[in-house]
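Here's the structure we're looking at; comments come further down.
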Protein chains: 2
Amino acid sequence: MESEELRNVGLKVTTPRLKILSLLENASEKHMTAETIYRQLGESGEVIGLATVYRALAQFEAAGLVTRHQFDGGQTVFELERGPHHDHIVCVRCGRVEEFYDKVIEERQRVIAAQLGFTLSDHALTLYGECNDPACRESKA
Amino acid sequence: MESEELRNVGLKVTTPRLKILSLLENASEKHMTAETIYRQLGESGEVIGLATVYRALAQFEAAGLVTRHQFDGGQTVFELERGPHHDHIVCVRCGRVEEFYDKVIEERQRVIAAQLGFTLSDHALTLYGECNDPACRESKA
DNA sequence: TTGCACATGAGAATTATTCTCATGTAGGAT
DNA sequence: ATCCTACATGAGAATAATTCTCATGTGCAA
């Protein structure tokens, strides 16, 4: 139940928060902007202030329930933090996002940080390229 | 000479462009925001419109003379593209930026992209952590 | 059931960046 | 050297994304 998730991280259980969480869990797109969340909620009859959406997302992020990404050029997207850590590859033509996890890269990062005298706390890795989806190929021509 | 760099990439040689390039080459900070560049030019008597700074930076980026970075939370910074490719590690406490290059990571990225059916065109990797600079340590306490 | 700390909505405010448009200028052609 | 034209510039307006303000509403512990 979503109420549990909220309680577990010390947030009051409110309607807006529940709706936002549940939208993130059920949406077809895994990566959504605050605007999109706001609009989709509105369309399904759940009118929630845009400021509230931003506030809730910020709190969810602080609580570790969601992560925030800034892909090149695009606007900030939020993603439900489910399952293990992963990084992203984004198609520069159609915007499709795939996820991946690479143990080698993760380990190298730790080594590099240590070598430079840093205690690693986080990282952001995004690859950009053109995907081989036929539909995407055409969209260029 | 900076005029050469501009001509080589097909940009007219103008005073604002020369001043911005030369500031980037001589500044103590390697990573600068558009605002900072604008302000520093102003302070040294070279008053250049902020819009012009943004325009020039965008052109320099398109021409491959500078790269643009979006470190977490901070605003966009620009860096003169000199020497070989590198990634960054940023101190989350004092904001210090160090550069690094890791062949293993670079190679893994290419492999991963290929596996996922992407033709890699670019990537953004930034590590975040706490640095061990004594001055930084104190700033927390 | 009540009180109060915290949450919400609406719109104003802020911040970063881009656009508009009237005017200026680099640099190729003459 | 001079002229012409396409491109560049400055100033401020416009836009976009996000955060803030503040009056009002509500979860939930006592």
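Observations on the structure shown:
- Among the residues examined, B:Lys140 does not qualify as basic (Lys, Arg) and at pLDDT 95 or above.
- Only one of B:Val77, B:Val66 that is within 9 Å of DNA strand C (Cβ to nearest atom), closer than 27 Å to A:Thr76 by Cβ, open to solvent by less than 40 Å² (accessible area, probe 1.4 Å) and among the hydrophobic types (A, V, I, L, M, F, W, C): B:Val77
- Near pairs, Cβ below 6 angstrom, 6+ apart or cross-chain, from the stretch A:80-100 (modelled with pLDDT of 95 or more) to any residue that is among the acidic types (Asp, Glu) and open to solvent by 40 Å² or more (accessible area, probe 1.4 Å): A:His86/A:Glu99; A:His88/A:Glu99; A:Ile89/A:Glu98
- Qualifying residue in the stretch A:13-24 (condition: assigned to a loop (DSSP other than H, G, I, E, B), surrounded by fewer than 16 Cβ atoms within 10 Å (Cβ to Cβ) and away from DNA strand C (no atom under 16 Å from the Cβ)): no
- Any chance B:Asp122 is of a type in the set (Asp, Glu) and assigned to a loop (DSSP other than H, G, I, E, B): no
- Scanning the stretch A:25-41 for residues that are of a type in the set (Gly, Ala, Ser) and crowded, with 17+ Cβ neighbours inside 10 Å yields a single hit, A:Ala34.
- Flag for A:Leu116 being open to solvent by less than 30 Å² (accessible area, probe 1.4 Å) and either among the acidic types (Asp, Glu) or at the interface with chain B (Cβ under 9 Å from one of its Cβ atoms) (or both): no
- Per the listing A:Glu107, A:Glu138, the residue uniquely closer than 16 Å to B:Asp87 by Cβ and surrounded by fewer than 16 Cβ atoms within 10 Å (Cβ to Cβ) is A:Glu107.
The values are calculated or read from the model by the stated rules, or taken from the named source; none is laboratory data. Worth saying up front: this structure is predicted, and the values here are computed from it rather than measured. Glycine also receives a Cβ, built like all others from the backbone with ideal geometry; neighbour counts cover every protein chain displayed. Just so you know, the surface numbers come from the protein's heavy atoms only, side chains and all, with ligands and any DNA or RNA stripped out. Shrake-Rupley method; radii C 1.70, N 1.55, O 1.52, S 1.80 Å.
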